[in-house]
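Here the structure comes first, spelled out in structure tokens, and everything after it is commentary.
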Amino acid sequence: MTNGRAPAMLVKEISMPISPPLLAILACPLCKADVKLTADEKGLKCVSCHRVYPIKDDIPVMIIDEASVEPGRAVKT
């Protein structure tokens, strides 16, 4: 017996806070080097000065005063 509704489908969402095209054009505002997504996907890390810029509500906060220096923080490869 059916209730007139379409069967429920499970949709797997892939969460990527920063799109690859955006990540390709972003740079550290301090030293102008490339940034990479952190392993936990909660920040963007400068490959040169090791500043980590937070991602808040899926928006990178590229403000120097908001960044923290974290040389040991892992990035996605």
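Just so you know, all these numbers are worked out from the coordinates, no wet-lab data involved. Model, not experiment: these values are computed from the prediction. We place every Cβ from the backbone using ideal geometry, glycine too, and count neighbours over all the protein chains shown.
Of everything in the stretch 40-67 that is under 18 Å from Ile18 (Cβ atoms) and among the small types (Gly, Ala, Ser), the residue that is surrounded by the fewest Cβ atoms within 10 Å (Cβ to Cβ) is Ala67.
Across the stretch 29-39, which residue is nearest to Val69 (Cα to Cα) among those that are of a type outside the set (Val, Ile, Thr) and in contact (Cβ under 8 Å) with a residue 24 or more places away in the chain? Restricting to residues being of a type outside the set (Val, Ile, Thr) and in contact (Cβ under 8 Å) with a residue 24 or more places away in the chain, the top hit is Leu30.
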